[in-house]
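Novice: Below is a structure I'd like to ask you about.
The values are calculated or read from the model by the stated rules, or taken from the named source; none is laboratory data. None of these values were measured; they are calculated from a predicted model. Reconstructed Cβ throughout: ideal geometry from the backbone, glycine too, with neighbour counts over all protein chains shown. Note: accessible area is taken over every heavy atom of the protein model, side chains too, but ligands, DNA and RNA are not part of it. Shrake-Rupley method; radii C 1.70, N 1.55, O 1.52, S 1.80 Å.
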Amino acid sequence: MRAIRTASAALLATAAVALSAPAAPAEDGIGRNITSFGFSVTPRTVAPGGTVTLTSDGCEVPSVTVTSGVFDTVTLTEGRPGSATVDADARIGAEYEIAFDCKGERGTTTLTVAPAPAPPAPPAPHKGVKAGFGGSTGSGALGAAELAAGAALIAAALGTAVVLTRRRAGGRP
């Protein structure tokens, strides 16, 4: 019995708090308030220093004022779109509120700041096999001194082989 009284008191307290809280503005499922005029921010995600397009339609006054903490105030005149440049020091990952004011009626939406996409990587250089004469042409070719030294080493090796072969055969030169 005591549990029922405690639960009832808690329910009444919750209802009283909920009824005393100010009503939140209705949203249309995209994060915008429902107003008598339409408005939009394109794109909804932008990099710091990027540009967004602001549009408004259905407002009976000739101008709509658009304000935000991430760009300067913009006035949209006679339903024409306008643009705004997002501050270069806007915090990446933050959502900023964008407010559209039409003769005192205020509608809001959000703008998300994201890092700029990385530029595409350059294509990898083609590294094919170098085939041919092993560098015998071009700037890497052997000079006359290298050729003479190589010929002398080969002659010495052949001479040593002939001498050793004769000694084994038993004949002395």
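Novice: In region 106-125, what residues are at pLDDT below 90 and over 17 Å from the mean Cα position of the chain (by Cα)?
Specialist: Passing the criteria: PRO123, ALA124, PRO125.
Novice: Could you please find all residues in region 75-94 being of a type in the set (D, E, K, R) and either surrounded by 14 or more Cβ atoms within 10 Å (Cβ to Cβ) or out of contact with any Ser or Thr (no Cβ under 9 Å at 6 or more places or on another chain) (or both)?
Specialist: ASP87, ASP89, ARG91
Novice: Also: Evaluate the following for SER56: is it of a type in the set (S, T, N, Q) and outside any strand (DSSP E or B)? Talk me through it step by step, then tell me what you get.
Specialist: Numbers: of a type in the set (S, T, N, Q): yes; outside any strand (DSSP E or B): no.
Judged against the criteria, SER56 is not a match.
Novice: Another question about this same structure. Quick check on region 8-24. Is at least one of its residues open to solvent by less than 60 Å² (accessible area, probe 1.4 Å) and at pLDDT 50 or above?
Specialist: no
Novice: Just for region 54-74: of the residues that are of a type in the set (Val, Ile, Thr) and farther than 11 Å from PHE100 by Cβ, which one is surrounded by the most Cβ atoms within 10 Å (Cβ to Cβ)? Please lay out each step first, then the result.
Specialist: Here is the first cut: in region 54-74, the ones of a type in the set (Val, Ile, Thr) are 55, 61, 64-67, 70, 73-74.
Retained after the next criterion (residues that are farther than 11 Å from PHE100 by Cβ): 61, 70, 73.
Values: VAL61: 13, VAL70: 21, THR73: 11.
That would be VAL70.
Novice: Report, by residue number, each residue of region 89-115 that is under 26 Å from GLY58 (Cα atoms) and either among the polar types (S, T, N, Q) or in a loop (DSSP other than H, G, I, E, B) (or both).
Specialist: Scanning region 89-115 gives LYS103, GLY104, THR108, THR109, THR110, THR112.
Novice: Moving to a separate point now. Return the pairs, sorted by first residue and then second, in which the second residue is hydrophobic (A, V, I, L, M, F, W, C) and assigned to a loop (DSSP other than H, G, I, E, B), the first residue lies in region 60-73 and is under 13 Å from PHE37 (Cβ atoms), the beta carbons are less than 8 Å apart, and the residues are 6+ apart or on different chains.
Specialist: Pairs that qualify, where the first residue is under 13 Å from PHE37 (Cβ atoms) and the partner is hydrophobic (A, V, I, L, M, F, W, C) and assigned to a loop (DSSP other than H, G, I, E, B), are VAL64/PHE37.
Novice: Given the conditions (1) modelled with pLDDT under 90; (2) among the aromatic types (Phe, Trp, Tyr); (3) within 25 Å of PRO117 (Cβ to Cβ), report the number of the one that TYR96 does not fulfil.
Specialist: (1)
Novice: Also, quick follow-up: Test ALA47 against the stated conditions and say whether it is of a type in the set (A, V, I, L, M, F, W, C), at pLDDT 90 or above and open to solvent by 20 Å² or more (accessible area, probe 1.4 Å).
Specialist: Yes, satisfied.
Novice: Another one. Quick one: CYS102 ticks every box in (1) more than 31 Å from the chain's Cα centre (by Cα); (2) open to solvent by 80 Å² or more (accessible area, probe 1.4 Å); (3) hydrophobic (A, V, I, L, M, F, W, C) bar one, so which box is it?
Specialist: Exception for CYS102: condition (2).
Novice: Taking only region 90-111 into account, find how many residues are of a type in the set (D, E, K, R) and closer than 16 Å to THR51 by Cβ.
Specialist: 0
Novice: Which one of the conditions (1) at pLDDT 90 or above; (2) closer than 28 Å to ALA118 by Cβ does THR73 fail to meet, given that it meets all the rest?
Specialist: All conditions are met except number (2).
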